[in-house]
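Everything on this sheet refers to the single structure shown next.
The values are calculated or read from the model by the stated rules, or taken from the named source; none is laboratory data. Keep in mind it's a predicted model, so treat the numbers as computed, not measured. Here the Cβ is made from the backbone with ideal geometry for all residues, glycine too, and neighbour counts use every protein chain on show. For the accessible areas, the whole protein counts, side chains as well, though only heavy atoms, and no ligand, DNA or RNA atoms are used. Shrake-Rupley method; radii C 1.70, N 1.55, O 1.52, S 1.80 Å.
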Amino acid sequence: MDTARYDLVVIGTGPAGQKGAIAAAKLGKRVAVIDRKEMVGGVCLHTGTIPSKTLREAILYLSGFRERTFYGRDYSVSKDITVPDLAFRVQKVLAREVEVVRAQLHRNRVETLAGTSHFVDPHTLEIVSADGAVTRVTADHVLIACGTRPAHTDAVPLDGKRIIDSDQLLKGDTLPRDLIVVGAGVIGLEYASMVTALNIKVTVIEARPTVLDFVDREMIDALLYFMRQRGANFRLGEKVVSVGYDNRGRVVAALESGKEVHGDTLLYTVGRRTNADLLGLEAAGLAADERGRIAVNEFFQTVVPHIYAAGDVIGFPALASTSMEQGRLASRHMFGADGQTRRDPIPYGIYTIPEVSMVGRTEQELTQAKVPYEIGLAKFEELAKGQMLGVDAGLLKILFDRRTRQLLGVHIFGERATEIIHIGQAVLAYGGTIDYFRDAVFNYPTMAEAYKVAGLDGLNRL
Ligand SMILES: Cc1cc2nc3c(=O)[nH]c(=O)nc-3n(C[C@H](O)[C@H](O)[C@H](O)COP(=O)(O)OP(=O)(O)OC[C@H]3O[C@@H](n4cnc5c(N)ncnc54)[C@H](O)[C@@H]3O)c2cc1C
């Protein structure tokens, strides 16, 4: 069997794999990436970030959600929205993005090898293609960027029809009349809030008594209040023990407390597990932890020094945004190029309707750390741009140190939160103070003007 030889072989073409491969190729290395043909672009492109965020845009447009402040609660661009209507936009974006990824890899002379791979020894990988053909490659370095798949449990027997996980959305024809979402993590809340925009009743069931504990409480309270007003029902602190169909053919989730929740469709969004179990790690001298995560050092190097891992397979924060950067840094380190030495706070974007985004520390963290902080607030409905967009809810909160006036965190709930957070991120990264927002001139009218309003409010409180 011929064995092609590379400086770097990357397992997986998601954000971590793509950026890792391209960074090494830019350093003049011979690089190959391995993935199934239909998965080029990773979970990110096929079932994760890109489809879910495109679906959100499709729902916002077709439901006329953004226009309802002006034209009434029942306004919608299309009266009978179907699954194919929503899937149409998703497919368009997906097809284009696959082309973009393929072109980027090709332009950078990264070879794409089709199939799934596993280790034969620490430098050799076997690739099994869709038609069963087996080839081998050897590499000086390997980057594991194999990502995750939805985690399943016997209590929730998925059937791909009306008991589904997030990979199985957009497969049917008609939208459910009501939806049960099990799991109030980021993915569960994003989908739950999207369906409320379609006037579909949703019940969210979550075993823990609170949701998204890493987010500032005020933002979560605002989000849950908004979702409840749109018909969402939350069953927090309730555990699902079994799921099936009732005698009317509706889905029923039985809760540990003895209650039952009935609905048209159930979406299960509790957790994901990594694909590391498919890699034959022991042949490479590696092991994963009980959740399938591979341990790495600060340079994304595993215990086998020539093998690196990046993206969701190494665990938190498991975002496309961070995965890309991890892949790039891993490749730069393996070939002795300069990497990033600063570790600035990263932004989090939660694409609920409305969005939530944050950077830096939360009020609960600062209180626990006994930091004497002050807040500055801006309400979106008071911004001229907010009025023009028909925004009826939204909040930007700046947290800063009372003594030094240094910025400590920014938390936003509302339209464009995930975009304008980056202003706060830059000020935070460069050690700026609240005075920046008072002194800077912002384009007017913009949503970013909220920083100015919040800055002035914060200074007034001193
Ligand atoms: C519904 C949903 C919404 C999300 N929304 C966001 C968001 O808005 N913003 C954000 O930043 N993140 C979001 N994420 C998270 C984001 O998608 C992931 O963090 C990101 O895709 C991880 O990238 P990755 O490179 O680790 O791997 P993945 O994107 O998971 O890709 C891994 C690839 O490896 C391949 N692979 C696995 N095993 C093998 C093998 N043995 N051989 C060859 N190839 C293999 C797989 O086929 C896959 O293509 C979302 C995730 C989900 C599920």
| query | So is A139 touching a Phe, Trp or Tyr at 6+ places or on another chain (Cβ under 6 Å), within 16 Å of the ligand (Cβ to nearest atom) and closer than 30 Å to R5 by Cβ or not? | reply | yes
| said: Could you check segment 107-127 and list, in sequence order, the residues that are more than 9 Å from the ligand (Cβ to nearest atom), in contact (Cβ under 8 Å) with a residue 24 or more places away in the chain and more than 27 Å from the chain's Cα centre (by Cα)? | reply: R109, E111, F119, V120, D121, P122, H123, T124
| Across segment 298-320, what is the total count of residues that are within 9 Å of the ligand (Cβ to nearest atom) and open to solvent by 20 Å² or more (accessible area, probe 1.4 Å)? | 6
| query | Among the residues of segment 334-343, is there at least one that is of a type in the set (V, I, T) and either in contact with a Lys or Arg (Cβ under 9 Å, 6 or more places away or on another chain) or touching a residue at least 12 places away in the same chain (Cβ under 8 Å) (or both)? | reply | no
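Please go through segment 350-379 and give me each residue that is under 15 Å from R402 (Cβ atoms) and open to solvent by 10 Å² or more (accessible area, probe 1.4 Å), ordered by number.
Residues satisfying the conditions are R361, E363, T367, A369, K370, V371, P372, Y373, E374, I375.
Would you pick out the residues in segment 171-210 that are part of a loop (DSSP other than H, G, I, E, B), farther than 19 Å from D80 by Cα and open to solvent by less than 30 Å² (accessible area, probe 1.4 Å)?
Of everything in segment 171-210, those that are part of a loop (DSSP other than H, G, I, E, B), farther than 19 Å from D80 by Cα and open to solvent by less than 30 Å² (accessible area, probe 1.4 Å) turn out to be G183, A184, G185.
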| request: Being open to solvent by less than 40 Å² (accessible area, probe 1.4 Å) and in contact with a helix residue (DSSP H, G or I) (Cβ under 6 Å, 6 or more places away or on another chain) is the filter here, so list the residues in segment 122-143 that pass it. | output: H141, L143
| message | Taking the criterion of being basic (K, R), part of a helix (DSSP H, G or I) and more than 8 Å from the ligand (Cβ to nearest atom), would at least one residue in segment 8-20 satisfy it? | response | yes
| task | Looking at (1) more than 26 Å from Y191 (Cα to Cα); (2) at pLDDT below 95, find the lone condition where I375 falls short. | result | (2)
